[in-house]
Structure formats: structure tokens, C-alpha cells
1. Pick from the range 219-264 the residues that are small (Gly, Ala, Ser) and buried (at least 22 other Cβ atoms within 10 Å of the Cβ): which of them is nearest to residue 284 (Cα to Cα)?
2. Going residue by residue through the range 147-166, is there one that turns out to be in contact with a Gly (Cβ under 6 Å, 6 or more places away or on another chain), modelled with pLDDT of 95 or more, surrounded by 17 or more Cβ atoms within 10 Å (Cβ to Cβ) and farther than 17 Å from residue 185 by Cβ?
3. Go through the range 49-90 residue by residue and tally those that are within 18 Å of residue 107 (Cα to Cα), in contact (Cβ under 8 Å) with a residue 60 or more places away in the chain and out of contact with any strand residue (DSSP E or B) (no Cβ under 6 Å at 6 or more places or on another chain).
4. All but one of (1) of a type outside the set (Lys, Arg); (2) more than 24 Å from residue 25 (Cα to Cα); (3) in contact (Cβ under 8 Å) with a residue 60 or more places away in the chain hold for residue 294; which doesn't?
5. Being in contact with an Asp or Glu (Cβ under 9 Å, 6 or more places away or on another chain) and under 17 Å from residue 96 (Cα atoms) is the filter here; which residues of the range 6-54 pass it?
6. Evaluate the following for residue 208: is it closer than 19 Å to residue 108 by Cβ, acidic (Asp, Glu) and touching a His at 6+ places or on another chain (Cβ under 8 Å)?
Amino acid sequence: MSRPLFHGVIPPVSTILNENEQLDRQGMARLIDFAIEGGVNGLFFLGSAGEFAHMSRELRYEVAEFCTRHVAGRVPVLIGAAHPGTAETLAFARHARSVGADGVVVVNPYYNPITEEALYLHYKTIAENAGLPVVMYNYPGLTGQPIPVSLIKRLAVDCPNIVGLKDTVDSLNHIRETLAAVKPLRPDFAVFSGYDEYLFGTLILGGDGAIPASANFAPQLTCGIYRAFREKDFATAIELQQRLSFLPPLYSLDTPIYNVIKYAISQVGIDVPVYSLKPALPLSNDKQKIVREILRQAGVLN
């Protein structure tokens, strides 16, 4: 059986910015080093938690280039190539290739709903022309349109360069249905949970890992679950899963969640500023207290 190209815990890395909304390279480097030292199996830059949706093209290019260079091959690098248009998506994917990334993550086009055939052609065009492996990204809560399992199966069969799926759906059903439909035909096709708390369930069902925001500040939990599962140390996996279960309330604490994640990062001992791109607002003092309490409950507060 072929092993997926990407697997394990691959956090969607926060983009560390200064008060002038510029990339804070020192803080970014510290966060990257912390995640790698924490045992992640890859890093995903310019995902939803990385604030790509509020960035200029120039800032996206700068983040992709700096982060890929700083990782320096220590773990695989995935770059988000998200845009509502196919041509711009392809341009971001080609830029990721030019800076040395290992793959791209492509969320389905957002704002305008599109037909299933148009969605198929969008992904097929990216897969055939990006020059990098493609991970599909299903996030209907933000795009407004899910990627049907039947379409995931069709693309997996028709496009060998589409190598996986990040499934950010608040249920294991879509993950289970995807695994049943695709794995018999493409055992090398990786299926990741987008929600932290579904990592253990995804692994039990035969999936390949998670792309969890909490690995920005608590990689010991999700990386520990993945490692324990592979070693068949289920007692440890369950104990870590129970600790991980304290964290999901963080994601409904503020909208968008950029400042929540960055404040959590700052509270576990990593020296980073917590600025985000407008219109995101600073985290209030009351919400900061809630973040600290949740981190304390999970046993990760510095």
C-alpha cells in the first residue's frame, strides 16, 4: 500500500505581524522553530489561520518565500493557493513552486457558488499546471459550498497530482464517507481533519492526520496523539485527546480567530507580537483571561 506524500500533524501556521501590518520575521522564525521542535510533520502557511484572506498579493508572496526558506527542508512545506478565480489560484501555486514549497493547499472558490463541473475543472486545471502536489481544502463554513464526496473521488481518480484533502467539517461523517470512497482506489490519497478534536477519530477511521490550529501553541497534544496512535499506545492517545478537548471553545471566542491563536501562542512562552490585519480587532482583556483559563485546563499554559 502506498503511503501518502503528506501525513500526520501539519498546523496552519499563524502569520506573525508587527504593528504596521508587516511580516515580523523574527517572530515568524521563532514560531516555525517552536512548531518543528514540537514534532510536527509539516507546516502549512497562508491557510485560514494564516490570514491570507486579508493580505495583498505582495504580502502573500513575502510570507511564502520567507517561511519556506526558514524551514529549510526540515519538514514539508505546504502553501495556501486560495483565490476565487482559477487564474489567480494558479499564479499563487506557481509562486509556491518557485520558492521551493513541497505542495499547495487549494480551498474551493468562494463568494460565488459554482456548478460541480466548474469546480471539477478548477481543480483539474490547478493539478495539471501548478507543478506541485495539490491538497484540496473543504471548508463550507467559510466558502459557502461543500466539495461533494463524489467529486473528491472523481478528482482523486482523474488527477494523480491531487494527493489529499483537508476536511474542515464539524462532523466525522464527511471524513468517513471520503475515506470509504477514495482510499480503495487511491491509498496514497491523504485525508486530514481540519478540526483538532477529530484527529483521533480520523486516525481510527483510517485517515492520515490533522491540520490543527492548536499545533501553533500546543503541538505536544496533537503530535502526541499521532505518535501514540502509530505506536499503539492508546492510553496515552486517549489522555492527550481528553486534554485536547478543552481547546475547541477557543475557536468561537472571537471572529476571526487570528488574535485568539496569536495570544495563545504568546502565553505558552513564544515571544511573538499579537497584531493581526484589519479588520480583525485586538483581543479584549476579558477574552484574554478566557484564553489563559482554557490553556490552563488543557495543561499547556506556560
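1. 264
2. Taking the range 147-166 as the starting set, the residues that turn out to be in contact with a Gly (Cβ under 6 Å, 6 or more places away or on another chain) are 166.
Checking which are modelled with pLDDT of 95 or more leaves us with 166.
Imposing the further condition that a residue be surrounded by 17 or more Cβ atoms within 10 Å (Cβ to Cβ) reduces the set to 166.
Within this subset, residues satisfying the condition of being farther than 17 Å from residue 185 by Cβ are 166.
Yes, the range 147-166 contains a residue that is in contact with a Gly (Cβ under 6 Å, 6 or more places away or on another chain), modelled with pLDDT of 95 or more, surrounded by 17 or more Cβ atoms within 10 Å (Cβ to Cβ) and farther than 17 Å from residue 185 by Cβ.
3. Here the count works out to 3.
4. Checking residue 294 against (1) of a type outside the set (Lys, Arg); (2) more than 24 Å from residue 25 (Cα to Cα); (3) in contact (Cβ under 8 Å) with a residue 60 or more places away in the chain, the one that fails is (3).
5. Correct list: 6, 15, 42.
6. Answer is no for this residue.
Matching residues to (1) among the β-branched types (Val, Ile, Thr); (2) part of a helix (DSSP H, G or I):
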{"position": "152", "(1), (2)": "yes, yes"}
{"position": "157", "(1), (2)": "yes, yes"}
{"position": "174", "(1), (2)": "no, yes"}
{"position": "191", "(1), (2)": "yes, no"}
{"position": "199", "(1), (2)": "no, yes"}
{"position": "203", "(1), (2)": "no, yes"}
{"position": "207", "(1), (2)": "no, no"}
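The values are calculated or read from the model by the stated rules, or taken from the named source; none is laboratory data. Values in this document were obtained by computation on a predicted structure and should not be read as measured data. Please note: Cβ atoms are built from the backbone with ideal geometry, for glycine as well, and neighbour counts cover all protein chains shown.
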